[in-house]
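J.: Next up is a structure, given as structure tokens.
No value in this document is a laboratory result; all are computed from the given coordinates. A quick note: this is a predicted structure, and the numbers were derived from the prediction, not measured. Cβ atoms come from the backbone with ideal geometry, glycine included; neighbour counts cover every protein chain shown.
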Amino acid sequence: MLSYAITDPSILSFAYLDSYLSHINGKADFVLYRDKKNSDYRKNAKLFIEAATACSFDKILLHNDIVLAEALKADGVHLSSDRIEQIPLAKEKGLFVIMSTHRLDEVERAEKLGADMVTFSPIFDTPNKGRPVGLEKLRQISEAVSIPVIALGGILTQEQIRACMKAGAEGFASIRYFK
């Protein structure tokens, strides 16, 4: 089971970057630096990758910025659902690609364009993410494609993680689980 930590400015303070990464090191296989509103994103992405490289994460990813991910030698990118057409460019640059998806057609398109895996969300209730799709929809999506589907959204407990795995997800992603 793959575990994927997604950062959020409400949790990650760069004053405590090493402490945060040490806390999730060993708990998360992949880690994503994501901050949609930070004017210092480029500078912080560099600091994040340098610090995360000292840990044992399998993959260190940046959010949406293919050029920056390549320049900083990140392992890959996590693309928002509105950037699905950028998958081939990211793959041309040798980046690992995770695509955010919310519907079957997005999952199928991401697979066709070469994404390595997708997150599918929101599985459970989560702030500001709309109505949860639930475990049965996760099962349908997981059965419909051959690339790994990572459950995302409202995952806070081991019980929820087990339920997602039972529904066919190959892993889970979360912000709050890794607090």
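J.: Between Glu85 and Arg139, what FRET efficiency follows from the Cβ-Cβ distance if R0 is 30 Å, with the result rounded to 0.05?
T.: Values: r = 28 Å, r/R0 = 0.93.
In this case the efficiency is close to 0.60.
J.: Which whole-Hz couplings ³J(HN,Hα) result when phi for each residue of segment 143-159 is put into the Karplus expression 6.51 cos²θ - 1.76 cosθ + 1.60, θ = phi - 60°, listed in order with x for Gly and Pro?
T.: The phi angles translate into 6, 7, 10, 9, 7, x, 10, 10, 6, 9, x, x, 8, 10, 10, 4, 4 Hz.
J.: Additional query: Round to the nearest 0.05 the FRET efficiency obtained for Asn128 and Asp29 when R0 = 22 Å and r is the Cβ-Cβ distance. Could you put the intermediate results ahead of the total?
T.: Values: r = 26 Å, r/R0 = 1.19.
The computed FRET efficiency comes out at 0.25.
J.: Right, next: Tell me, what is the FRET efficiency for Glu170 and Ser22 to the nearest 0.05, using R0 = 22 angstrom and their Cβ-Cβ distance as r? Display every interim value, and only then the final one.
T.: Working: r = 26 Å, r/R0 = 1.19.
The pair Glu170/Ser22 has a calculated efficiency of 0.25.
J.: With each label point set 7 Å from Cα along the Cα-Cβ vector, what nm distance links Met1 and Leu47?
T.: According to this spin-label approximation, the distance is 3.4 nm.
J.: Zone of Ile11 (label point 7 Å along Cα→Cβ, backbone N under 13 Å): which residues in segment 141-179?
T.: Residues passing the 13 Å test: 152-157, 172-179.
J.: Okay, next question. For the pair Cys55 and Lys93, how long in nm is the line joining their label points, each one 7 Å along Cα→Cβ?
T.: 2.2
J.: Counting only other residues whose beta carbon sits under 12 Å from that of Phe178, what net charge do I get with K and R as +1, D and E as -1?
T.: +1
J.: Okay, moving on. Taking a cut-off of 19 Å between Cα atoms, list the lysines near Lys93, but don't count ones fewer than 8 places away on the same chain.
T.: Here the lysines satisfying the reach criterion relative to Lys93 are Lys46, Lys59, Lys73, Lys112.
J.: Each residue of segment 169-179 in order: what ³J(HN,Hα) in whole Hz does its phi give by Karplus 6.51 cos²θ - 1.76 cosθ + 1.60, θ = phi - 60°, with x for Gly and Pro?
T.: 5, 8, x, 9, 10, 7, 9, 6, 4, 9, 4
J.: So what is the relative contact order for segment 2-178, in percent, with contacts set as C-alpha pairs under 8 Å and at least six apart?
T.: Values: 347 pairs, mean separation 31.0, N = 177.
The normalised contact order for segment 2-178 reaches 17 percent.
J.: Once phi is turned into ³J(HN,Hα) by the Karplus curve 6.51 cos²θ - 1.76 cosθ + 1.60 with θ = phi - 60°, what whole-Hz value does each residue of segment 56-66 show in order, with x for glycine and proline?
T.: Ordered by residue, 3J(HN,Hα) equals 9, 5, 5, 9, 10, 10, 10, 8, 6, 9, 5 Hz.
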